[in-house]
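Here the structure is laid out as structure tokens; the discussion comes afterwards.
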Amino acid sequence: MLEDFSAYTKSNQIWDLTWSDTEIMKIDFRGKEICKQLIRSVGSISANIEEGYGRGSKREYPHYLKISRGSATESKGWFKKSKFLLDENIINERIKLLEEIIAMLTKTIITLEKKAKEK
């Protein structure tokens with residue numbers, strides 16, 4: 001079940017946190033532009049996990065997890081760029097959570113690709 005996948009749970013957690021963060025950031029005109037990119041990249045993390053899982057193909061799933069990992073990496077960059085708008089502790093917490101997601105996705109991708117080669 002998708003809800004049992006920790007990377008998915010954490011991707012929804014970072015989405016909720018980003019929603020709150022963008023409320024702060026959108027006040028500045030430059031922050032609005034970062035918000036647009038951040039909402040897209042953070043939203044893409046869970047969306048690609050969902051799409052890959054929903055397709056039901058063991059061969060396609062790692063591909064979608066890689067896209068999700070790329071979006072998490074992009075999100076880290078956007079959080080770093082928000083240093084003039086968000087508190088440093090908030091940014092560090094978000095980056096730490098994204099790094100956890102990236103690590104989980106990487107481990108899962110390696111495991112799934114290894115299993116596919118064994119068949």
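The values are calculated or read from the model by the stated rules, or taken from the named source; none is laboratory data. Here the structure is a predicted model, which means the values were calculated and not measured. Every residue, glycine among them, receives a Cβ derived from its backbone with ideal geometry; neighbour counts consider all protein chains shown.
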| remark: In the range 3-13, residues that are surrounded by 12 or more Cβ atoms within 10 Å (Cβ to Cβ) and modelled with pLDDT under 95 total 0
| query | Can you tell me which residue in the range 24-50 is surrounded by the fewest Cβ atoms within 10 Å (Cβ to Cβ), limited to those that are of a type in the set (V, I, T) and assigned to a helix (DSSP H, G or I)? | reply | I24
| note | Condition set touching a residue at least 12 places away in the same chain (Cβ under 8 Å) and within 11 Å of R94 (Cβ to Cβ), scope the range 16-42, selection farthest from the chain's Cα centre (by Cα): answer is D21
| task | Give the residue, chosen from I34, I67, that is within 18 Å of Y8 (Cα to Cα) and of a type outside the set (K, R). | result | I67
| Members of the range 51-75 found to be farther than 14 Å from R40 by Cβ and part of a helix (DSSP H, G or I), listed by number | E51, G52, Y53, G54, R55, Y61, P62, H63, Y64, L65, K66, R69
| query | Can you tell which of D87, D21, D16 is in contact with a helix residue (DSSP H, G or I) (Cβ under 7 Å, 6 or more places away or on another chain), at pLDDT 95 or above and of a type in the set (D, E)? | reply | D21
